[in-house]
Amino acid sequence: VSLKSLTKKNETYLLAIVIVFSIVITAINPVFMTWENMFDLLRSSSGTAVLAIGVFVVLLSGGIDVSCTAIAICGQYIAINVLIASGVDNIAFAFLISIAVGLALGAINAVFISIFNLPTLITTLGTSSLFHGLLLEFVGTKAVNVGNIPDSIKAFGKMNILTFSRPDGTEYGLSIFFLILVIIVILTWLLLKYTMIGRGIYAIGGNREAAKRTGYNIRKIQFFTYMYAGLLAGVMGVMHLSLIRYSNPNYIVGSELSIIAAVVLGGTRISGGTGTIAGTLIGVALITILEKNLVLIGLSSYWQQFFIGMIIVLGVTITYAQGNFNRRKKQSADRIKSGEVK
Amino acid sequence: VKINIKSSKNLTLFIIMMVVFIVLSIAIPSKFLTGINLQSMASQFPEFGLLALAMMMAMITGGIDLSVVSVSNFTGVIAALILSGSVDSSTPAGLAILFAVLAVVAVSVVCGLVNGLLIAIIGVPPILATLGTQGLFLGLAIVITQGHSVSGFPEAFMGLGSDNIFGIPVPFIIFLIVALIVSVLLNRTRQGFSMYMVGSNPTVAKFSGVNNTKVLINTYILTAVLAGLASLIMISRANSMRPGYGTAYLLQAILVAVLGGTDPDGGFGSVKGLVMGIIILQITQSGLNILAFSPFFKKFIWGFALLAIMVINFLLHKYNERKRVIEMNKLKTAAQTG
């Protein structure tokens, strides 16, 4: 990897912004740069990152999914209700139910998008309202309190893969959520890089017509994409549940804006075909630091919405302005080469 | 046989509208078909009707404006602050209202200009640009008010949302006038014609001498001004403004635009269709309210309706295509044998 190729990458700039931002926050409040705070940030943002990877895959395919948060809460709330009703106290069972719900709802998205050829934004806006409305109308509206959450879920939320002890004897550590995220990142990377369907996702996002003529099965790829996003949303639902040990059917929904923002800031083109997992993860890091640490640097939480909006606007402005600039440079270079301009 | 798809779409809408109206009139005559209910329906829909008009204009150019509700929030907060401030400082109501309206127009023009510049000059896709400004404008509204609601407006301003003229609610009259202006703009002006051209094929539009950049910037300024107008009705009807008000209107505005025959891919859409779409939505909403359905069920219904309409449009389009192909083939064989 040469320095020149690094300076051309979106991820480099983004990482630089994250680092500068971290230094500023640390200067104002040294608590930020401690292992404990870092582990805590990783624990609380792993779920967001999982959801963002789902959105990332959808964006790669040239679509958009604003229903991922509705799917996540449907998976979570149905899973917790089934667990309580059946009396089965098992985290794997919770994941199984939530993932099944996610896959089913993702498949519904895919039916509209792939079979009826509907625009993805409007479809997922519609299904988001549909899924959440159904959940509240037919499953319930009451929040499940800590007391009613099964022990296995609470235990899972506290599970660490690395444990350290503080001077006073209490312990802190790296949450198992991080392990889940790492597994999903590796899985998604392998999928995109080494499988036919992964190449297909890039292909239909880059140029649908060309992908079709090359022989890719567009319908199959779209079904896979939206069901994969649904699956990840299901995983996130249970992660979120064991993180906060509380389930409110109105949570998660409404955060889709910041998740899409994270992915787009990570350099993924909304028109499809371009983007990396690394960029997505850095994007999530930026949004998380911004959301969780404005208070640390003394700004009230009212600024949060404004800053996220500002970051998206600035981020896309830079990305697209850069694209325009490069295109113009290339055009004039071509003209000089072909002898039009001397 | 030549079939005008556009007029057949409006005819379908008209039939749906009449069916919904008649069904509800027969099912719950004592509550639905009353003067009071009709009046309340006519004063309820203009605020999101204006947002739907804005959404339609953005869609005609092949874009979308996800920031309309946030623009309304932003301008609404500013108008609310001016109006409630005037009550405290006992400024004449007329002057305060004038200032509030001017401020709303000015701020919404700036908001629209930001969207327009991002989309037309920098080339950011409309979804992304307005997704960002959606957060930005709402964020500004929250920052200005610190998340609190602003209330207490001059008596005279309240009339805008609640008065009736000859039994017709004022918001309804405002909506009719604006709808008429938009209709004239789309059908009789250069800007309107260019919007349809840019929406159906930007490259062709460009080579036909349309200034795409200018047309798009104007479009997003217009959508923002409509959102600003909607905010005046909102705050007058609620007698307060809280950032985050009306977030459900975004889905409804898109729903009504698509229901009214606007093509989200650009190039098609009419005020006539949109108005019928709004009436259908409002009648259904009123019916669901009278029948005491929960807000969650309504949420489900709007999502379902949006998807159902798009699927029906898709199937109709496919059916028309197939019919056209069959007729073409018939003509071909007739020409060959004859």
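Assorted remarks:
- Pairs of alpha carbons in chain B whose separation is greater than 29 Å (percent): 43
- Gain on full stretching of the segment that runs from A:W189 to A:S301 - 0.36 nm per residue minus C-alpha separation: 36.8 nm
- Here region A:95-136 is scanned for amide nitrogen atoms under 19 Å from the site 7 Å beyond the Cα of A:A85 along Cα-to-Cβ, giving A:95-105, A:131-136.
- Cα-based shape type of region B:212-314, given that a ≥ b ≥ c are square roots of the gyration tensor eigenvalues and the cut on a/c is 1.5: oblate
- From least to most packed, judged by other beta carbons within 10 angstrom and beginning with the fewest, B:D88, B:D263, A:D89, B:D65 follow the order B:D88, A:D89, B:D263, B:D65.
- Two-decimal Rg/Rh across chain A, once Rg and the Kirkwood Rh are taken from alpha-carbon atoms: 1.00
- Simple spin-label estimate for B:Q39 and A:R245 in nanometres, 7 Å along Cα-Cβ: 5.6
- Per-selection Rg to Rh, the protein assembly as shown - Cα, Kirkwood hydrodynamic radius: 0.98
- In chain A, helical runs assigned H by DSSP with n ≥ 4 each contribute -39500 (n - 2.57); averaged across all residues and rounded to the nearest 500, the mean residue ellipticity at 222 nm is -23500 deg cm²/dmol.
- Neighbour counting of Cβ atoms within 10 Å sorts the residues A:L290, A:L125, B:L316, B:L180, fewest neighbours leading, into B:L180, B:L316, A:L290, A:L125.
- Hits among aspartates and glutamates - C-alpha to C-alpha of B:K298 under 20 Å, sequence gap 8 or more where chains match: A:E137, B:E47
- For the options B:V143, B:V225, B:V271, a Gaussian network treatment of chain B with springs between C-alpha atoms closer than 10 Å singles out B:V143 as fluctuating the most.
- Within the listed set A:A110, A:A211, A:A92, the Gaussian network model of chain A (springs between alpha-carbon atoms below 10 Å) gives the highest mean-square fluctuation for A:A92.
- Listed residue pairs exceeding 22 Å between alpha carbons, taken from A:K142/B:K31; B:K31/B:K272; B:K9/B:K323; A:K193/A:K330; B:K272/B:K299; A:K329/B:K214: A:K142/B:K31; B:K31/B:K272; A:K193/A:K330; B:K272/B:K299; A:K329/B:K214
- For region A:115-180: relative contact order, % (alpha-carbon pairs under 8 angstrom, 6 or more apart): 20
- If the segment from B:N239 to B:I15 were pulled out straight at 0.36 nm per residue, it would be longer than the present Cα-Cα gap by 76.9 nm.
- For chain A, the longest principal axis of the Cα atoms and the long axis of helix A:256-265 meet at an angle of about 40 degrees.
- Across peptide A:130-141, the mean count of Cβ atoms from other chains lying within 10 Å of each residue's own Cβ comes to 5.
- Compactness of region B:1-142 as Cα Rg over 2.2 N^0.38 Å, two decimals: 1.42
- Rough spin-label spacing in nm, given labels placed 7 Å along Cα→Cβ, for B:A27 and B:F314: 2.7
- Taking the number of Cβ atoms within 10 Å of each Cβ as an exposure proxy, the fewest-first ranking of B:I78, B:I309 is B:I309, B:I78.
- Mean-square fluctuations from a GNM of chain B, with a 10 angstrom spring cutoff on Cα atoms, peak among B:T61, B:T262, B:T91 at B:T91.
All of the numbers you see were taken from the coordinates with simple rules; none came from a lab. As the structure is a computational prediction, the values presented were derived from the model and not from experiment. All Cβ positions, even for glycine, are placed from backbone atoms using ideal geometry, and neighbour counts span all protein chains on display.
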